[in-house]
Amino acid sequence: QVQLVESGGGLVQAGGSLRLSCAASGRTFIVYAMGWFRQAPGKEREFVAAISWSGTTDYADSMKGRFTISRDNAESTVFLQMNTLKPEDTAVYYCAVRRGDILERRDRLYDYWGQGTQVTVSS
């Protein structure tokens, strides 16, 4: 089993920044990709960003240029730096991990999920 714990969420004004962290523990895979997803009230969960073990990244179009995903393999931690936040970024943000080194946008292909951290952007 793999446990994922997100942190760093909170309330921020539009235009502000937040940095989310997600620490993995337990029986993590030798090589794994990590992703961030979010779910706003009344909406489906959507892909935000993903990073491979080797550091290749992928972003949803609406996050490109504003969000940056990174990871520290030694600490089994993935980060999401969010800048120029907008009210429409308000959501619960989840991190997830999947076996292997292939980036993936489909949430059903991730193996483990965190509990989520709330991000609220006020206008």
Inset, instruction - Find out how many positive minus negative residues lie around G116, taking Lys and Arg as positive, Asp and Glu as negative, among other residues whose Cβ is under 11 Å from that of G116. - result: +1
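With every protein chain left in place, what is the accessible area per residue of the chain in square angstrom, probe 1.4 Å?
Numbers: 6340 Å² over 123 residues.
Value for the chain: 52 Å² per residue.
In whole Å, what three semi-axes, largest first, describe the equivalent ellipsoid of region 38-86 built from its Cα gyration tensor (square root of 5 times each eigenvalue)? Working shown, then result.
Details: eigenvalues 90, 31, 22 Å².
Each semi-axis is √(5λ); the values are 21, 13, 10 Å.
For an R0 of 22 angstrom, estimate the FRET efficiency from the Cβ-Cβ distance between S70 and F29 and round to the nearest 0.05.
Numbers: r = 19 Å, r/R0 = 0.86.
Once rounded, the FRET efficiency stands at 0.70.
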Legend entry - Candidates A74, A50, A91: whichever shows maximal mean-square fluctuation once the chain is modelled as a Gaussian network with Cα springs under 10 Å: A74
Legend entry - Choice from G55, G42, G16 with maximal GNM fluctuation in the chain (Cα, 10 Å cutoff): G42
Legend entry - Inter-probe distance in nm under a simple model that places probes 7 Å from Cα toward Cβ, at S54 and Q81: 2.4 nm
Inset, instruction - Among I51, I102, I30, determine the one that fluctuates most according to a GNM of the chain built with springs between C-alpha atoms less than 10 Å apart. - result: I30
Inset, instruction - Count charges around V92 for me, please; just the other residues with Cβ under 11 Å from its Cβ, Lys/Arg as +1, Asp/Glu as -1. - result: +2
Inset, instruction - Keeping the other protein chains in place, figure out the carbon and sulfur percent of the accessible area of region 27-102, with a 1.4 Å probe. - result: 48 percent
Inset, instruction - Give me the distance in nm between label points sitting 7 Å out from Cα along the Cα-to-Cβ direction at S7 and Q39, one decimal. - result: 2.4 nm
Inset, instruction - Kindly provide the trypsin sites (Lys or Arg not before Pro) of region 11-52 that DSSP labels as loop, not H, G, I, E or B, and whose Cβ sees at most 10 other Cβ atoms within 10 Å. - result: R27, K43
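The values are calculated or read from the model by the stated rules, or taken from the named source; none is laboratory data. Everything quoted here is computed from the prediction, not taken from an experiment. All Cβ positions, glycine included, derive from the backbone under ideal geometry; neighbour counts span all protein chains shown. In case anyone asks, the SASA skips ligands and DNA or RNA and just uses the protein heavy atoms, side chains included. Shrake-Rupley method; radii C 1.70, N 1.55, O 1.52, S 1.80 Å.
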